[in-house]
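Encoded as structure tokens, the structure appears first; notes follow it.
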Amino acid sequence: MLRGALSSLLELENDLEIIAQASNGEEALRLIRDLQPDICLMDIEMPIKSGLEVAEELNRTGSACKLIILTTFARPGYFERAVKADVAGYLLKDGSSDELADSIRKAMKGKREYAPELIHASMKASNPLSEKEREILRLIERGKTSKEIASTFYLSQGTVRNYTSEIINKLYAKNRIEAVSIAKEKGWI
């Protein structure tokens with residue numbers, strides 16, 4: 001419903017044209033490749049592929065499409081990932097359609113548009129986990145045991161337990177499950 005309403009509002013702008021809408025990240029990637037739009041507005045939490053996964057894939061493949069994340073999630077970890085994926089903008093959904101249209105125009109001119117709240121929050125809370133710790137935590141989230149994780153990374157089970165303990169300590173969690181929950185809440189995995 002929000003996607004349709006937003007599309008209708010942006011269609012009222014004389015210099016903007018909506019060429020497609022997608023219901024999930026995989027469909028969005030296909031449409032971006034097929035239609036080659038100048039700008040793509042993307043939510044973070046979408047079925048199949050998240051907006052951040054789409055942004056990262058577009059960045060890896062060198063797509064010319066400029067991506068603007070439009071979301072309700074003001075999580076520092078999400079913002080950090082979006083910036084690393086070279087998005088043109090990261091805006092919160094509580095702005096007006098006029099502000100969004102203005103941000104789209106600025107992105108077309110090569111400017112970056114980030115919600116000030118996100119910049120401030122990201123400066124206060126950076127991700128304490130290393131890339132290896134994030135990979136291990138993602139496997140823990142999928143229900144993998146220390147033995148399975150060890151075989152994935154060619155590590156000993158003791159090394160995986162040490163990584164897991166370090167993750168729990170860094171996140172001030174009580175256990176593996178709480179560590180996953182905290183990292184997801186902050187947008188770090």
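Given the criterion on the phi < 0 side of the Ramachandran plot and open to solvent by 50 Å² or more (accessible area, probe 1.4 Å), identify the matching residue among TYR163, TYR172.
Of TYR163, TYR172, the one residue that is on the phi < 0 side of the Ramachandran plot and open to solvent by 50 Å² or more (accessible area, probe 1.4 Å) is TYR163.
Being under 20 Å from the mean Cα position of the chain (by Cα) and assigned to a helix (DSSP H, G or I), is that true of even one residue in the range 12-23?
no
Which of the residues that make up the range 59-81 are at pLDDT 85 or above and of a type outside the set (S, T, N, Q)?
Across the range 59-81, the qualifying residues are ARG60, ALA64, CYS65, LYS66, LEU67, ILE68, ILE69, LEU70.
Within the range 126-159, which residues are open to solvent by 60 Å² or more (accessible area, probe 1.4 Å) and in contact with a Lys or Arg (Cβ under 7 Å, 6 or more places away or on another chain)?
Listed by number, the list holds a single entry, GLN157.
For the range 67-87, check the following and say yes or no: at least one residue is polar (S, T, N, Q) and in contact with a Ser or Thr (Cβ under 9 Å, 6 or more places away or on another chain).
Taking every residue of the range 67-87 in turn, none turns out to be polar (S, T, N, Q) and in contact with a Ser or Thr (Cβ under 9 Å, 6 or more places away or on another chain).
If a residue has to be surrounded by 15 or more Cβ atoms within 10 Å (Cβ to Cβ) and either at positive phi or in a loop (DSSP other than H, G, I, E, B) (or both) to count, how many in the range 25-64 make the cut?
Number satisfying all stated conditions: 7.
The values are calculated or read from the model by the stated rules, or taken from the named source; none is laboratory data. No experiment lies behind these values; they were computed from the predicted model shown. So basically every Cβ, Gly included, is an ideal-geometry build from the backbone, and we count neighbours across all protein chains shown. Keep in mind that these areas ignore ligands, DNA and RNA; they rest on the heavy atoms of the full protein, side chains included. Shrake-Rupley method; radii C 1.70, N 1.55, O 1.52, S 1.80 Å.
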